[in-house]
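What follows draws every value from the coordinates through simple rules; no lab data is involved. Because the structure is predicted, anything quoted here is derived from the model rather than measured. Neighbour counts run over all protein chains shown; Cβ positions are idealised from the backbone, glycine included.
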Amino acid sequence: MQPQINPALLAKAKLALDTRPVRNRDMMGVVDFSKASRDPRFYIVDILSGAATEYHVSHGRGSDPAHSGWLEYFSNTPSSEASSSGAYLTDNIYYGKYGRSLRLKGLDTTNSNAEYRNIVVHSAWYAEPEVAEKAGKLGRSEGCFVLSLTNLQYVLLRLGPGRLIYADKVA
């Protein structure tokens, strides 16, 4: 069954793809932070076919201080440990503290500190679907997009460097 992406969010993501300096325009990531972390909310969208796949993804602890599983607000402030909204450009894949990871560059004023804050895509135990099933929510990151280890491999394969990830919370 095809995942249903909020049409308003998808329209904002496509507009960002059309207006940002993105080299590879065949695939993009879309993150719907209006959904709870217990639900899949990171989508990879094939631009030509419209086909999408969905994955669980964490949000920053600064965006959810009570750890309710819902993102309450965004921040671009260093040390906020919050998620940031807007368009990101995927950069290089590297090996870091959490293994294979994908660097990001913030393309908007709402996420312009992404590189300085070391906001990346990586995996961690607290983003495994079993955590959401057991606890009713995922664990929280320090603002990074954190996926399960298995799902991260697929996302890295499909997105890779030079593509767009768009994250927001749209009613």
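Quick notes on this structure:
- Computed from the C-beta positions of Leu15 and Thr53, the FRET efficiency with R₀ = 25 Å rounds to 0.70.
- Our summary gives segment 40-91 a relative contact order of 24 percent, counting only alpha carbon pairs under 8 angstrom and 6 or more residues apart.
- Residue separation of Asp46 and Ala66 scaled by 0.36 nm, minus their Cα-Cα distance, works out to 3.7 nm of gained length.
- Tensor-based shape of segment 80-141 (alpha-carbon gyration tensor, a/c under 1.5 rounded, otherwise prolate or oblate): oblate
- Model label points for Glu115 and Leu157, set 7 angstrom from Cα along the Cα-to-Cβ axis, are 3.0 nm apart.
- With θ taken as phi - 60° and the Karplus curve 6.51 cos²θ - 1.76 cosθ + 1.60 applied, the whole-hertz 3J(HN,Hα) list for segment 79-86 is 6, 6, 6, 9, 6, 10, 8, x Hz, x standing for glycine and proline.
- Protection proxy ranking of 93-101, 57-65, 32-40 - average other beta-carbon atoms within 10 Å, highest first: 57-65, 32-40, 93-101
- Whether the chain is rounded, prolate or oblate, judged on the alpha carbon gyration tensor where a/c under 1.5 counts as rounded: rounded
- Prolate/oblate/rounded call for segment 1-78, Cα gyration tensor, a/c under 1.5 rounded: oblate
- Distance from the C-alpha centroid of segment 14-78 to that of segment 95-132: 12 Å, rounded to the whole angstrom.
- When the pairs Lys12/Lys105; Lys35/Lys97; Lys105/Lys134; Lys97/Lys134 are compared against a 30 Å limit on Cα-Cα distance, Lys105/Lys134 fall above it.
- Length gained when the stretch Ala8-Lys105 is fully extended (0.36 nm per residue, less Cα-Cα span): 32.6 nm
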